[in-house]
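Student: Below is the structure I would like to discuss, written out as structure tokens.
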Amino acid sequence: MNFAVFASGNGTNLQAIIKALKKGKINANLALVLSDNKEAYALKRAKRAKIKTVVVEAKNFSSREDYDAEIVKILEQEKIDFIVLAGFMRIITSVLINNFRNKILNIHPALLPSFKGTHAIVDAFNYGVKVTGVTVHFVDEKMDHGPIILQGSVKVEEDDTAETLEAKIHKIEHKIYPEAIRLFSEGKIKIEGRKARIA
Ligand code: GAR
């Protein structure tokens, strides 16, 4: 199976996925890294690993739907079977979701359904939670909402800052995202309503 990683920023999750692929832990082909941000460090990581990259900038499209239609075209050209969102900071529309129903994975840095949105780590930290974590889930029309594939928890210690918490969250992300991709690419995840059952 061919897959694409979408990333807007640093790309540490992309790096963890590349590492897992190199070690033979994921039986799929990372055919494309797509970004909405030409400055994304994720693109450098992809190039270094000799993975094809493409930048699709939002400013060239008049609506989110037009943007997603362009992406669908690219994904079809590249024969992409599934999509991995790794810090892709755009809301995606039904144009993309309908073309890749139950084939888009996302990682969110909190224990969903708590702390949805773009500042989840800081939001959870400021709220004063004692436990937070990471969620890998399928993407549906609602933000941070689809069936949950894997979660990992992180304890918030008294001496944690938002920064140290972020580092702990990333560490868990880099473990569970490659594992979720492995499970998906091996056909081991079955969706039944809200439940993503792992065989
Ligand atoms: C990750 O922590 C990911 O969970 C988060 O962006 C970061 C990207 O880091 N995603 C979201 O907040 C999505 N709502 P990375 O670029 O180093 O992989």
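The values are calculated or read from the model by the stated rules, or taken from the named source; none is laboratory data. Treat the numbers as computed from the prediction; the structure is a model and nothing was measured. Note that we place each Cβ from the backbone using ideal geometry, even for glycine, and neighbour counts take in every protein chain shown. When the accessible area is computed, the model is the full protein with side chains, heavy atoms only, and any ligands, DNA or RNA have been set aside. Shrake-Rupley method; radii C 1.70, N 1.55, O 1.52, S 1.80 Å.
Student: What pairs come up if the first residue lies in segment 184-199 and is assigned to a strand (DSSP E or B), the second is open to solvent by less than 100 Å² (accessible area, probe 1.4 Å) and of a type in the set (S, T, N, Q), and their beta carbons are under 6 Å apart, counting only those six or more places apart or on different chains?
Tutor: Once the first residue is assigned to a strand (DSSP E or B) and sits in segment 184-199, its partners that are open to solvent by less than 100 Å² (accessible area, probe 1.4 Å) and of a type in the set (S, T, N, Q) give Ile191/Asn102.
Student: Starting from segment 68-93, take each residue that is closer than 22 Å to Val136 by Cα and list its partners that are open to solvent by 10 Å² or more (accessible area, probe 1.4 Å) and charged (D, E, K, R), counting only C-beta distances under 7 angstrom and pairs at least six apart or across chains.
Tutor: Pairs found: Asp81/Lys103; Phe82/Lys103; Ile83/Lys103; Arg90/Asp36; Ile91/Arg64; Thr93/Arg64; Thr93/Glu65.
Student: So Glu76 fits all but one of (1) touching a strand residue (DSSP E or B) at 6+ places or on another chain (Cβ under 9 Å); (2) among the acidic types (Asp, Glu); (3) farther than 11 Å from Ala7 by Cα; what number is the exception?
Tutor: Exception for Glu76: condition (1).
Student: Do we find a residue being within 11 Å of the ligand (Cβ to nearest atom), without any contact (Cβ under 8 Å) to a residue 12 or more places away in the chain and under 17 Å from the mean Cα position of the chain (by Cα) anywhere in segment 104-120?
Tutor: yes
Student: Only one of (1) more than 16 Å from the chain's Cα centre (by Cα); (2) within 25 Å of Ile92 (Cα to Cα) fails for Phe184. Which number is that?
Tutor: In the conditions (1) more than 16 Å from the chain's Cα centre (by Cα); (2) within 25 Å of Ile92 (Cα to Cα), Phe184 misses (1) alone.
Student: Which fully enclosed strands (runs of 3 or more DSSP E) of segment 1-118 have 1 or more residues being touching a Cys at 6+ places or on another chain (Cβ under 9 Å), open to solvent by 60 Å² or more (accessible area, probe 1.4 Å) and not charged (D, E, K, R)? Outline the logic, then answer.
Tutor: Working: elements: 2-6, 29-35, 53-55, 82-85, 104-108.
Qualifying strands (runs of 3 or more DSSP E): none found.
Student: Oh, and also: Can you name the residue in segment 140-199 that is on the phi > 0 side of the Ramachandran plot and away from the ligand (no atom under 12 Å from the Cβ) and is also surrounded by the most Cβ atoms within 10 Å (Cβ to Cβ) among such residues?
Tutor: By that ranking, first place goes to Gly187.
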